[in-house]
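Written out below as structure tokens is the structure these notes cover.
The values are calculated or read from the model by the stated rules, or taken from the named source; none is laboratory data. Keep in mind that this is a model prediction, so the values were computed, not measured. Here the Cβ is made from the backbone with ideal geometry for all residues, glycine too, and neighbour counts use every protein chain on show.
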Amino acid sequence: MKITQETDYALRIVLFLSKAGIDNCIEAKTISESERIPFRFALKILRKLTKAGVIKAYRGINGGYALNKTPENITLKDVVEAIDGPICVNRCLYDAAYCNLNRTNTCTVHKALDNVRETLLRELESVNFKNLMEKE
């Protein structure tokens, strides 16, 4: 699994909003400039994070973005999946047509990669944004 640039930016945005506090509404331009993310790209990421329920958007003159949950209730997995969709290390794990199990009745790779995926998911779920703020 490779973390995309978009996901990296999303993680930085959520960490920035976590530091600002759950009740602080921050303008997209401020987020973009503070995190050095191109403005239009930041807007795209903010829309995805809002759609996933990680953050909430406020419209109007005093509009902006804020966390939708407390930092301890937002994990790395939440943000990664909000941007890139479900985490999968090999397509045979989510599409049986690509698995040797259908051709040979055994797929040792499938079981091994499923274990890797489960370990990765547990690790991503174990780190929340409160943890990250405490490490800075």
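Below, the figures for the structure above:
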{"item": "Residues within segment 26-74 that are of a type in the set (Val, Ile, Thr), closer than 25 Å to Ser126 by Cα and surrounded by fewer than 20 Cβ atoms within 10 Å (Cβ to Cβ), tallied", "result": "2"}
{"item": "Selection count, segment 1-19, where residues are assigned to a loop (DSSP other than H, G, I, E, B) and of a type in the set (Ser, Thr, Tyr)", "result": "1"}
{"item": "Unmet criterion (only one of (1) among the β-branched types (Val, Ile, Thr); (2) over 16 Å from the mean Cα position of the chain (by Cα); (3) under 22 Å from Lys135 (Cα atoms)) for Thr7", "result": "(2)"}
{"item": "Output for segment 20-43, where each listed residue is part of a helix (DSSP H, G or I) and either among the hydroxyl-bearing types (Ser, Thr, Tyr) or within 17 Å of Thr75 (Cβ to Cβ) (or both)", "result": "Thr30, Ser32, Ser34"}
{"item": "Every residue from segment 77-136 that is exposed (fewer than 12 other Cβ atoms within 10 Å of the Cβ), modelled with pLDDT under 80 and among the polar types (S, T, N, Q)", "result": "Asn102, Thr104, Asn105, Thr106, Thr108"}
